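Written out below as structure tokens is the structure these notes cover.
The values are calculated or read from the model by the stated rules, or taken from the named source; none is laboratory data. Computed from a predicted structure; not experimentally measured. We place every Cβ from the backbone using ideal geometry, glycine too, and count neighbours over all the protein chains shown.
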Amino acid sequence: MSDDIKKKVAEIESTISNKDEAAKALALVAEVINMFTDKLVEVNERQVKLEERVEDVFDMLSQIEEEMIENLNSEFEAECPYCGETIPFKIPEEGEDFECPKCGNIIEMELLFDDDCDCGSCGDHHCAGCHGDDEEEDED
């Protein structure tokens with residue numbers, strides 16, 4: 001027992017004049033300390049389990065990130081929003097637009113994945129300017 005604890009026990013014993021009552025009070029204090037220690041051990045065990053779960057989540061996220069990066073380097077197929085041709089392509093690193101090999105129109109990356117266009121002005125095709133672009137198609 002440390003000196004600080006011995007001093008506190010002696011203080012309790014000297015504060016309570018009846019030796020039996022002092023012993024009972026010290027036993028109750030010891031019981032409370034043991035209960036508190038047990039709760040601390042439980043909390044520590046839960047923390048260890050939570051840390052393991054967090055590590056598992058980070059591992060899964062890292063794996064998902066690796067798969068996503070790997071998929072970005074894979075070839076995809078999408079329908080040209082202008083002519084309907086199925087185009088195999090790789091997602092450009094900078095997300096830049098590219099030309100449809102069949103109709104020659106410039107395809108914006110976001111248009112390839114815009115199945116639910118409801119702007120009302122596209123009809124069966126996507127025209128420049130209908131998706132918030134300020135540029136209009138040149139009509140010569």
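Some points to look at:
- Residue within segment 27-46 that is outside any helix (DSSP H, G or I) and on the phi < 0 side of the Ramachandran plot present: no
- Of all residues in segment 29-52, none are surrounded by 10 or more Cβ atoms within 10 Å (Cβ to Cβ) and within 30 Å of CYS100 (Cα to Cα).
- Residue in segment 63-73 that is surrounded by 11 or more Cβ atoms within 10 Å (Cβ to Cβ), β-branched (Val, Ile, Thr) and at pLDDT 80 or above present: no
- Residues that are loosely packed, with under 10 Cβ neighbours inside 10 Å and part of a helix (DSSP H, G or I), drawn from segment 16-26: LYS19, ASP20
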